[in-house]
Amino acid sequence: MTEDERDDGRDEWPTDERRIPGQRTGGTQDQGRGDPPALPGPHPDVSTARTAALAESVAAPFAESVAETGPESAAPGAVLSHKVLTSLLGAWALAACSVEETAAVEEHLTSCAPCADEALRLRDAVGLLHTDGSLDLDPKLRARVLEGCLGRRPARIPVPSWAAPYDAETARLDALLRDIGDSEWHAPVRLKWFEGERPVTRRTTVAGVIGHLMTVDGLVSTALGLDDPLGSGDRPSTPTARTETWWSAHSRPPTRAVREPWRDQSHTLVRTVSFAGRGVAELSVPYGDFALPLRDSLLERAFECWVHGGDIADAVHYPYEPPAAAHLHGMIDLAARLLPAALAERRRTGLAGPARGLVTAGAPGRSLHLEIEGRGGGDWYVALDSPAALGSPGHAVAQVALDGVEFCRLVAGHVPPEEAAAGQEGDREAIRDVLSAAASLSRL
């Protein structure tokens, strides 16, 4: 609840003099001061259901009082007793009284100090019934608390900056999983990615997604000499094969029991790289047909964790924010650095146009200017003719402008290439090839 909501109508009641005109204070009454200010009206922002509930709660004493004093006391124009007027204070605060009852209550409040105090208390209490404020915790609360704690006592073994996105995204996903119920772990989730030129989908559950993340994170674990969630023996080396192996090993759909081993594994990974020091950042992590240095591998795992966290949030109808701007920038940078190799692979299989620029030592070939706007934005120049070349602003033959989150959705295979670019200029074939290469980075 905001202060503006709670202070509604307080201007008439300064903090040093909260009383009704005519109320006895210090043994005297306010008289001879001209027209008294109007009593603040009942709070209007209350749901009909709550209004009806409180009105019903005061109906019994009101009816009892009518029975004692006779039916004529409830008739229009009748003088209501103190007991009846007191019982109507709750309904008055909720604007549930009739016109006649409202007038009688407000007239009574000008002469009865106890009822006036009770009216003020009830009017303030009504403000607590507001339902328009969100009950969810601020997603930035964890970061603020940690920042405050570390400001007073820095971590003895800090998490490396290149591992911070993975640490943050696994913590965010774990917070979402902690909030969902048992039945929601079986909610259907449809995973999306691109293979070649066509979109592919796979149906699983929330628990199945966490199993997928855990088994692919196992590639990082084994590179660090830690336990593999698939156990020992002959284990698949590609993310897709590992996931299929884990899914097929469960005769029954996985449940929320998968959360603890996944979270323990992510904690162990962060703790291990934190204690290992700087040299471990360049450790090679194999993904079957390609490999990434550990610093890029954990960034890729942070990206996957965010994307699949969003898939889960959509399945259980829960809000899920993008990563922090600095972390999102790192994810975009990794994708931009992988684009030349992805483009070369598509060209090798005939899915992209041939290289047209001459790349020689000291003379880079053509490039595409990738302009990312909004959160995590920046400028990248993607080499078009050789994965070993560096993009150059002076050799840009095309430009594509994209929102940062939208670009990540393209890389995740959630947006078709032809629908992704917000702005395009220059060589159309180069633009099409780069956007398709970005979608080809997606996988199960």
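The values are calculated or read from the model by the stated rules, or taken from the named source; none is laboratory data. None of the values given here were measured: they were computed from a predicted structure. Note that we place each Cβ from the backbone using ideal geometry, even for glycine, and neighbour counts take in every protein chain shown.
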Item to check | Every residue from region 419-434 that is charged (D, E, K, R) and over 35 Å from the mean Cα position of the chain (by Cα) | outcome: ASP427, ARG428, GLU429
Checklist outcome for this item: Of the residues in region 97-132 that are part of a loop (DSSP other than H, G, I, E, B) and buried (at least 17 other Cβ atoms within 10 Å of the Cβ), the one that is modelled with the lowest pLDDT is CYS97
Item to check | Boolean, ARG172 is charged (D, E, K, R), touching a residue at least 24 places away in the same chain (Cβ under 8 Å) and more than 24 Å from TYR320 (Cβ to Cβ) | outcome: no
Next on the checklist: Residues to consider are LEU219, LEU191, LEU146; find the one that is part of a helix (DSSP H, G or I), within 29 Å of VAL415 (Cβ to Cβ) and among the aliphatic types (A, V, I, L, M).
Outcome noted: LEU219
Next on the checklist: Where the second residue is part of a helix (DSSP H, G or I) and surrounded by 23 or more Cβ atoms within 10 Å (Cβ to Cβ) and the first is on the phi < 0 side of the Ramachandran plot and without any contact (Cβ under 8 Å) to a residue 40 or more places away in the chain and lies in region 201-220, which pairs have Cβ atoms under 7 Å and are six or more apart or on separate chains?
Outcome noted: THR215/ARG242; THR215/THR243
Checklist entry - Residue check, TRP185 against (1) out of contact with any Leu (no Cβ under 7 Å at 6 or more places or on another chain); (2) closer than 30 Å to GLU345 by Cα; (3) not in a loop (DSSP other than H, G, I, E, B), all met but one. Which one? => result (2)
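Rundown of residues vs (1) closer than 20 Å to VAL216 by Cβ; (2) surrounded by 16 or more Cβ atoms within 10 Å (Cβ to Cβ); (3) among the aromatic types (Phe, Trp, Tyr), yes/no style:
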site: VAL280; (1), (2), (3): yes, yes, no
site: PHE290; (1), (2), (3): yes, no, yes
site: LEU294; (1), (2), (3): yes, yes, no
site: LEU298; (1), (2), (3): yes, yes, no
site: PRO322; (1), (2), (3): no, yes, no
Next on the checklist: Can you confirm whether PRO261 is surrounded by fewer than 16 Cβ atoms within 10 Å (Cβ to Cβ) and assigned to a loop (DSSP other than H, G, I, E, B)?
Outcome noted: no
Checklist entry - For region 215-262, which residues satisfy the criterion of being within 17 Å of ARG443 (Cα to Cα) and among the polar types (S, T, N, Q)? => result THR215, SER237, THR238, THR240, THR243, THR245
Checklist outcome for this item: Per the filter on region 221-243, residues of a type in the set (D, E, K, R) and surrounded by 17 or more Cβ atoms within 10 Å (Cβ to Cβ) are ARG242
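Condition check ((1) touching a strand residue (DSSP E or B) at 6+ places or on another chain (Cβ under 7 Å); (2) among the acidic types (Asp, Glu); (3) surrounded by fewer than 19 Cβ atoms within 10 Å (Cβ to Cβ); (4) not in a helix (DSSP H, G or I)) across all residues:
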position: GLY413; (1), (2), (3), (4): yes, no, no, yes
position: SER436; (1), (2), (3), (4): no, no, no, no
position: ALA439; (1), (2), (3), (4): yes, no, no, no
position: ARG443; (1), (2), (3), (4): yes, no, yes, yes
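Let's see how each residue does on (1) modelled with pLDDT of 95 or more; (2) more than 20 Å from the chain's Cα centre (by Cα):
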residue	(1), (2)
GLY309	yes, no
LEU328	yes, no
ILE332	yes, no
ALA336	yes, yes
ALA344	no, yes
SER367	no, yes
LEU370	yes, yes
TRP380	yes, yes
ASP385	no, yes
Item to check | Residues of region 133-151 satisfying the condition of being of a type in the set (A, V, I, L, M) and either more than 22 Å from TYR318 (Cβ to Cβ) or at pLDDT below 70 (or both) | outcome: LEU135, LEU137, LEU146, LEU150
Checklist entry - Say we look at region 195-216 and pick out the residues that are outside any strand (DSSP E or B) and of a type in the set (A, V, I, L, M); which of these is surrounded by the most Cβ atoms within 10 Å (Cβ to Cβ)? => result VAL206
Checklist entry - Looking at ARG252, ARG295, ARG271, which one is part of a loop (DSSP other than H, G, I, E, B) and basic (Lys, Arg)? => result ARG252
Checklist entry - Can TRP246 be described as buried (at least 16 other Cβ atoms within 10 Å of the Cβ), in contact with a Leu (Cβ under 8 Å, 6 or more places away or on another chain) and part of a helix (DSSP H, G or I)? => result yes
Checklist entry - If you check GLY310, GLY365, which single one turns out to be outside the structural domain of LEU213 (by TED's automatic domain parsing) and without any contact (Cβ under 8 Å) to a residue 40 or more places away in the chain? => result GLY365
Item to check | Enumeration of residues in region 301-320 that are out of contact with any helix residue (DSSP H, G or I) (no Cβ under 7 Å at 6 or more places or on another chain) and hydrophobic (A, V, I, L, M, F, W, C) | outcome: VAL307
